[in-house]
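Read through the structure below, which is laid out as structure tokens, and then see the notes.
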Amino acid sequence: MTGPTPSPSPPPADAGAATSSPPPDSNAPSSSVVAVPTTPPPGPLSPDAQTALQSALAAEQAAVWAYGLVAAYARDQADMTSEARSGHLLRRDATTARLLQGGAAAAEPAAAYQVSVPVTDGGSALQLAQDIETDAAAAWRVVIGSTDDAELRGFALTGLSDAAVRLAMWKQVVGASPATVPFPGQQ
Amino acid sequence: MVATPAALDPINGLIATTRLHLLRLDAAIAADQADAARLTPLRDDRQAHLTALEAEFARVNPAAVSSSAAAPASTPAGAPIVMPDTPEAIISAVRGDAATAQVQFTDAVSSASRYRAAMFGSIAAALASHRAVLA
């Protein structure tokens with residue numbers, strides 16, 4: 001499975017926060033009734049964010065396909081495999097929608113994908129499952145580092161966290177120690 | 001443009017939380033030998049987080065780090081960390097720490113620089129996986 005683009009390098013040391021807090025609003029009403037904050041609709045995607053999100057979409061499309069292969073061999077983990085595939089399917093569709101909302105193109109999935117290991121038995125299927133999640137985590141981490149948009153960062157963080165949790169679960173299934181990695185998605 | 005004073009760098013809060021949770025994990029491992037094999041890799045992850053966060057603070061605030069390096073090293077003072085009595089309660093406390101830290105790092109993602117956002121997001125994801133393996 002193809003890897004995503006590398007993580008961003010450290011910026012110059014004087015790089016500050018991407019956004020700053022708004023100043024206090026002296027005209028704010030003193031009413032005890034407070035407006036419920038609403039999430040703004042997703043805006044246009046910057047070129048960096050668009051590229052990263054398209055890579056994440058490719059990783060999710062590959063994950064959906066590859067879990068079909070895992071399911072064929074890791075039959076003792078049918079429930080976990082099915083849950084993981086469903087999660088990637090939902091995320092794939094949400095990522096497609098986010099790209100289209102941002103005015104970007106969303107590629108169709110490929111008919112088949114090159115996998116990281118030849119899958120011939122349960123063991124290799126479980127290795128592929130770990131590779132799928134490692135790839136997905138890397139792709140979502142790149143999205144976080146490619147945008148200043150807080151909403152998109154949050155969306156990407158959910159993808160990264162979901163992949164990190166699934167990776168740990170698969171590692172537990174195969175008895176790997178440690179089951180966790182300190183920096184999911186970092187290549 | 002006026003640079004943010006090192007003391008106000010928002011990474012300080014994340015470093016403090018991580019350092020505290022590392023101490024609590026040490027205490028948990030000492031108090032719950034039966035779960036030491038499960039907790040030690042999580043402690044190693046948190047140590048890696050602390051090292052990375054401190055390196056990032058030093059990168060952005062070199063003057064603050066060089067002045068503190070001149071001061072004599074000191075051992076953190078204060079009351080010893082006491083963990084709950086039972087293994088179940090200890091695991092629950094460690095899981096609670098991971099949840100607390102996950103929220104803190106998730107909140108920090110939205111307004112950080114891109115480089116820091118990726119780092120904080122990765123740590124938040126690691127904390128989510130810690131909660132999962134302790135569930």
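Laboratory data are not the source of any read-out in this text; all were calculated from the coordinates shown. For clarity, every value in this text was computed on a predicted model and none was experimentally measured. FYI the Cβ positions are ideal-geometry reconstructions off the backbone, even for glycines, and counts take in every protein chain you see.
Rounded if a/c is under 1.5, else prolate if a/b is larger than b/c, else oblate: which is chain B, with a ≥ b ≥ c the root eigenvalues of its Cα gyration tensor? Please list the in-between numbers first.
Values: a/c = 2.57, a/b = 1.51, b/c = 1.70.
Note, shape of chain B comes out oblate.
Per residue of B:40-47, what is the mean number of Cβ atoms on other protein chains within 10 angstrom of that residue's Cβ? Don't jump to the answer; show the numbers that get you there.
On the way: counts 2, 6, 4, 0, 3, 5, 1, 1.
Rounded to a whole number, the mean comes out at 3.
Please turn the phi angles of region B:57-67 into ³J(HN,Hα) values with the Karplus equation 6.51 cos²θ - 1.76 cosθ + 1.60 (θ = phi - 60°), one per residue in order, whole Hz, x for glycine and proline.
Those phi angles translate into 4, 5, 5, 8, 10, x, 5, 5, 6, 5, 6 Hz.
Hey, what do the phi angles of region B:91-96 turn into as Karplus ³J(HN,Hα) couplings, whole Hz, using 6.51/-1.76/1.60 and θ = phi - 60°, x for Gly and Pro?
Each residue of region B:91-96 in turn: 4, 5, 5, 5, 5, x Hz.
Give me, ordered by chain and number, the residues 5 or more places off residue A:186 or on other chains with an amide H under 5 Å from its own placed amide H.
Sorted by chain and number, the residues that satisfy this come to none at all.
Would you kindly derive the ³J(HN,Hα) couplings of region A:48-60 from the backbone phi angles with the Karplus curve 6.51 cos²θ - 1.76 cosθ + 1.60 (θ = phi - 60°), listing them in order in whole Hz, with x for Gly and Pro?
4, 5, 4, 4, 5, 5, 5, 5, 5, 4, 4, 5, 5
Expressed as cubic angstrom per residue, what is the convex hull volume of the alpha carbon set of region A:50-187?
Numbers: hull volume 13.4 nm³, N = 138.
Measuring per residue, one finds 97 Å³ for the Cα hull of region A:50-187.
Going by how many other Cβ atoms sit within 10 Å of their own, how do A:92, A:166, A:153 line up, fewest first? Mind dumping the intermediate values first?
Values: A:92 21, A:166 24, A:153 28.
Arranged by neighbour count, lowest to highest, A:92, A:166, A:153 become A:92, A:166, A:153.
What angle, in degrees between 0 and 90 and rounded to the nearest 10, separates the Cα long axis of helix B:114-134 from the longest principal axis of the Cα atoms of chain B?
Value to nearest ten degrees: 10.
Over region A:86-187, what relative contact order in percent results from Cα pairs under 8 Å that are six or more residues apart? Walk me through the numbers before you get to the answer.
On the way: 82 pairs, mean separation 24.3, N = 102.
The normalised contact order for region A:86-187 reaches 24 percent.
Fewest to most neighbouring Cβ within 10 Å: what's the order for A:144, B:123, B:81?
Starting with the residue having the fewest Cβ neighbours, the order is B:81, B:123, A:144.
By count of other Cβ within 10 Å, fewest leading, how are B:15, A:132 ordered? Kindly include the intermediate steps, with their values, before the conclusion.
Values: B:15 16, A:132 30.
Least to most surrounded, the residues fall as B:15, A:132.
Helix B:11-31 against the longest principal axis of chain B: what's the angle in degrees, Cα atoms only, rounded to the nearest 10?
20
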